[in-house]
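Each remark here refers to the structure printed beneath this line.
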Amino acid sequence: MFLGKLGRAVLGALLLVTLALAGAPAATAAPAPEAPSTAAVVLTYDASGAAEFTSAVHAGAQVWNASVSNVELRPVQSGQQANIRVYADNGWPRAYTSRLGNGYWYMGRQAVNEGYDTIRIAAHEFGHLLGLPDVKPGPCSSLMSGSSAGVSCTNRYPNAQERAAVERRFG
Ligand SMILES: [Zn+2]
C-alpha cells in the first residue's frame, strides 16, 4: 500500500517533468502550430501595459497584419510570455529591440498630447520591432518617418519599401 502510493507519486512526478519538457519549446517565437501550411512567423505581443492606448496598439498590429504576409502580430494568450511588450508612459514613444521581433516599446503620452495619431505611433513602433529603422526626415507616406512627417500626418500604413523590407527580414 505504502510502496504503491510512493510508486504512483514517482510516476506522477516523472509525468510532470515530461510534460514540462514537452511544453517548453512552445514559449519561443515559432510558426503557429495550428497553421502549419502558412509561412508566417507569429510574434505575440502583450498590450496589457498599454493603459488607455490598448485599442490603438491592437490597431497598429492589424496594420502590419494587413500589410505583410511573412510575419503576423498576434495578441499573447494570458499566462504566456510575449515576444513584444507594450507600455504607456508620459515620455516620447520609443522602442527597444533585443533581437529581431523581440523587445518592448512605449506609447508615449507626450506625442499623443501634441496631437500625433495614436495608431500611426503604434504601427511605427511595431515597425521598429520588425526591424525597420527611422527614416527621418521623411514624408507622411512613410510610416518610419514618424513625427518628422508632422502632427497632421495620420497615415498608419508602411509604404512599399517598408513592407518589402519586413517581408525580406521574415521571409
Ligand atoms: Zn521611430
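Test Met107 against the criterion of being open to solvent by less than 30 Å² (accessible area, probe 1.4 Å), assigned to a helix (DSSP H, G or I) and over 19 Å from Ala40 (Cβ atoms), and give yes or no. Judged against the criteria, Met107 is not a match. Counting the residues of the range 90-122 that are under 14 Å from Thr54 (Cα atoms), among the aliphatic types (A, V, I, L, M) and within 11 Å of the ligand (Cβ to nearest atom) gives 1.
So Asn113 passes all but one of these: (1) at pLDDT 95 or above; (2) in a loop (DSSP other than H, G, I, E, B); (3) surrounded by fewer than 15 Cβ atoms within 10 Å (Cβ to Cβ). Which condition number does it fail? Status for Asn113: all satisfied but (2).
Residue-wise test of (1) in the same structural domain as Thr154 (by TED's automatic domain parsing); (2) surrounded by fewer than 15 Cβ atoms within 10 Å (Cβ to Cβ); (3) within 17 Å of His124 (Cα to Cα); (4) acidic (Asp, Glu).
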residue	(1), (2), (3), (4)
Gly49	yes, no, no, no
Phe53	yes, no, yes, no
Val57	yes, no, yes, no
Val63	yes, no, yes, no
Val68	yes, no, yes, no
Arg74	yes, no, yes, no
Ser78	yes, yes, no, no
Gly91	yes, yes, yes, no
Arg94	yes, yes, yes, no
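When the residues of the range 80-89 are narrowed to those that are surrounded by 14 or more Cβ atoms within 10 Å (Cβ to Cβ) and in a loop (DSSP other than H, G, I, E, B), which ends up nearest to the ligand (Cβ to nearest atom)? Explain how you work it out, then say what you get.
To start, the set of residues in the range 80-89 that are surrounded by 14 or more Cβ atoms within 10 Å (Cβ to Cβ) comprises 82-89.
Next, only the ones that are in a loop (DSSP other than H, G, I, E, B) stay: 82-83.
Working: Ala82: 20, Asn83: 19 Å.
Top of the filtered list is Asn83.
May I ask you to say which residue of Ser141, Ser148 is assigned by TED's automatic domain parsing to the domain that holds Ala59, out of contact with any strand residue (DSSP E or B) (no Cβ under 6 Å at 6 or more places or on another chain), open to solvent by 30 Å² or more (accessible area, probe 1.4 Å) and not in a helix (DSSP H, G or I)?
On the way: Ser148 fails: not in a helix (DSSP H, G or I).
From the options Ser141, Ser148, the qualifying one is Ser141.
Of the set (1) more than 16 Å from the ligand (Cβ to nearest atom); (2) closer than 13 Å to Pro158 by Cβ; (3) in a loop (DSSP other than H, G, I, E, B), all apply to Asn65 but (3).
The values are calculated or read from the model by the stated rules, or taken from the named source; none is laboratory data. In this text the structure is predicted, and so the values were computed from the model without any measurement. Every residue, glycine as well, gets a Cβ built from its backbone with ideal geometry; the counts of neighbours run over all protein chains shown. Areas reflect the complete protein model, heavy atoms only, side chains present, ligands, DNA and RNA absent. Shrake-Rupley method; radii C 1.70, N 1.55, O 1.52, S 1.80 Å.
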